[in-house]
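Visitor: Could you have a look at this structure, given as C-alpha cells, before my questions?
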Amino acid sequence: MHSWYFDFTLAEITVRKTVFDQSESLRRMSVPGNTIPEQQLIQGCADNDRKSQEHLYKRYYNPMLALCFRYTKQQEDAIEVLHEGLLKVYQNIREFDASKSALYTWIHTIMVRTAIDFLRKRRLKTVNIEWKSDSE
C-alpha cells in the first residue's frame, strides 16, 4: 500500500513516498480520523463537539497545511494561516451546503481566502522608514 505524507522542515516541504506493509496497525495509523462519516462530522462540528472538531482537524491537516505553505512559503506562517482558516471553518460550518460543493472544496476555498488575506495584511504592514540623522 502506498501512502503520501508531508514532512515539514524550516522552509520547505518534502513529499516522501512511503510504502507501508499490510499490518493492521500501520493501516490504521495511515488514515487517522477517517472513521466518522462526513455528514456526522459536519453535524458534530456544528454542535461544537470537540471530538468532531478534532477529527476534522486530523482529516484535513496535511492537505490544508501544504496548501497554506504554497501561499506563505514559511512554515510558521502556514501554521498560523491553517489555524485561522480552521477557526473560520468551525465558526461557519452551519453555512456549509453539501448540494453546492464537497466539504474538502469548501474548506479549501476558506483556506485559500485566508492565505490571501494573510498575505495582504503582511504587505500592508511592510513599510519603509528612512532615518535622518540630526546633522542633516
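Visitor: For the stretch 95-108, give me the residue count where each residue is surrounded by 12 or more Cβ atoms within 10 Å (Cβ to Cβ) and not small (G, A, S).
Guide: 6
Visitor: With the condition kept exactly as written, say whether any residue in the stretch 25-38 is of a type outside the set (A, V, I, L, M), at pLDDT 55 or above and under 18 Å from V89 (Cα atoms). Outline the logic, then answer.
Guide: The first filter runs over the stretch 25-38 and keeps only residues of a type outside the set (A, V, I, L, M), leaving 25, 27-28, 30, 32-35, 37-38.
The next check asks that each one be at pLDDT 55 or above; those that pass are 35, 37-38.
Filter once more, so that each one left must be under 18 Å from V89 (Cα atoms): 37-38.
Yes, because at least one residue in the stretch 25-38 is of a type outside the set (A, V, I, L, M), at pLDDT 55 or above and under 18 Å from V89 (Cα atoms).
Visitor: Of everything in the stretch 60-94, what is of a type in the set (D, E, K, R) and in contact with a Phe, Trp or Tyr (Cβ under 9 Å, 6 or more places away or on another chain)? Give them in sequence order.
Guide: D77, E80, E84
Visitor: Pick from N62, N128, N92: which is loosely packed, with under 11 Cβ neighbours inside 10 Å and either modelled with pLDDT of 95 or more or not hydrophobic (A, V, I, L, M, F, W, C) (or both)?
Guide: N128
Visitor: Within the stretch 36-77, which residues are under 13 Å from M111 (Cα atoms) and in contact (Cβ under 8 Å) with a residue 60 or more places away in the chain?
Guide: A66, F69
Visitor: Quick check, is Y104 assigned to a helix (DSSP H, G or I), more than 23 Å from R123 (Cα to Cα) and among the aromatic types (F, W, Y)? Explain how you work it out, then say what you get.
Guide: Working: assigned to a helix (DSSP H, G or I): yes; more than 23 Å from R123 (Cα to Cα): yes; among the aromatic types (F, W, Y): yes.
So Y104 passes the test.
Visitor: Here is a follow-up. Can you name the condition, by its number, that N48 falls short on among (1) assigned to a helix (DSSP H, G or I); (2) loosely packed, with under 14 Cβ neighbours inside 10 Å?
Guide: Among (1) assigned to a helix (DSSP H, G or I); (2) loosely packed, with under 14 Cβ neighbours inside 10 Å, N48 violates only (1).
The values are calculated or read from the model by the stated rules, or taken from the named source; none is laboratory data. Nothing here was measured: the structure is a model prediction, and the numbers come from that model. All Cβ positions, glycine included, derive from the backbone under ideal geometry; neighbour counts span all protein chains shown.
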